[in-house]
Amino acid sequence: MYRIKPHHFIDMIKLYGGGRESFTPDLAYGHSFYLVANEIMRDPNTKLWMTIRGDDVCNHCKYRDASGFCTDTVSHIEGVVSKDAYNKSLDKRIMDLLDMKEGETFTAYEMCLKLSTDRDIIKKVWVEDISTVERRQELFWLGLDRYIAKWNGGA
């Protein structure tokens, strides 16, 4: 089971929609995104424990301090500086829109089905980042539809 922030899961599905089949380590950040993403792509029954705090993707990230706080910053969105605060707001929106609670668990496939209930979820969540929201939504839905179709009946 992986502890995961909903926006990290959405990012994985979005990258899958862009054609990514497997993930490699990010040497600049050093985090564990690739480990979690590869497992989710390999096994739709991967258990996910939802959180808005530091998750298993954040493990080994150079910006994660000893308390689990992200010290990275955001510079491309006006009025936003703290990546930790911004990501928590994204995850809270996702959880509120999907009526999810911190600590709930889903399989990766179940999470995809849950996300598929709102075709505008990306636009409702990434409200500050309007420059990329259309492309993010397009890739996310390509990935979500592809993931569900791949594992439909096999999850």
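Taken together, the values in this text are just the output of simple stated rules run on the coordinates, not laboratory data. What you see is a predicted model, and the numbers here were worked out from it, not measured in a lab. Quick reminder, even Gly has a Cβ in these numbers, built from the backbone with ideal geometry, and neighbours come from all protein chains shown.
Things to note:
- Cβ-Cβ distance of Ala85 and Arg20, R₀ of 35 Å, FRET efficiency by 1/(1 + (r/R0)^6): the value works out to about 0.80.
- Rounded to the nearest angstrom and listed largest first, the equivalent-ellipsoid semi-axes of segment 54-122 from its Cα gyration tensor are 25, 17, 10.
- Ordering Met50, Ser89, Gly143 by the projection of their Cα atoms onto the charge dipole of segment 2-151, which places +1 on the Cβ of Lys and Arg and -1 on the Cβ of Asp and Glu, puts Gly143 at the extreme positive end.
- Descending semi-axes in Å of the chain, equivalent ellipsoid built from Cα gyration tensor: 22, 18, 15
- For the pair segment 17-74 / segment 117-150, the C-alpha centres are spaced 19 Å from each other.
- For segment 19-30, 3J(HN,Hα) computed residue by residue from phi via the Karplus equation (6.51, -1.76, 1.60; θ = phi - 60°) reads x, 6, 9, 9, 10, 10, x, 8, 5, 5, 9, x Hz, glycine and proline entered as x.
- Using 0.36 nm per residue and subtracting the Cα-Cα separation, the extra length available between Trp151 and Lys47 on full extension is 35.9 nm.
- With θ taken as phi - 60° and the Karplus curve 6.51 cos²θ - 1.76 cosθ + 1.60 applied, the whole-hertz 3J(HN,Hα) list for segment 83-94 is 5, 4, 5, 4, 5, 5, 5, 4, 5, 5, 4, 4 Hz, x standing for glycine and proline.
- Using the Karplus relation 6.51 cos²θ - 1.76 cosθ + 1.60 with θ = phi - 60°, the per-residue 3J(HN,Hα) values for segment 131-146 come to 5, 10, 5, 5, 5, 4, 5, 4, 5, 4, 5, 4, x, 5, 4, 5 Hz, with x marking Gly and Pro.
- When both bridge partners sit in the chain, DSSP labels roughly 60% of those beta bridges antiparallel.
- Calculated [θ] (222 nm, deg cm²/dmol) that DSSP helices of n ≥ 4 give over the chain, each run adding -39,500 (n - 2.57): -13500 deg cm²/dmol
- Counting only the Cα atoms, segment 85-148 fills a convex hull of 80 Å³ per residue.
- Between the beta carbons of Glu110 and Ser131, assuming R0 = 30 Å, the FRET efficiency works out to 0.40 to the nearest 0.05.
- Projected area, mean over directions - segment 1-49, Cα convex hull, nm²: 3.4 nm²
- Residues whose placed amide H lies under 5 Å from that of Arg3, excluding near-sequence neighbours: Trp49, Asp56
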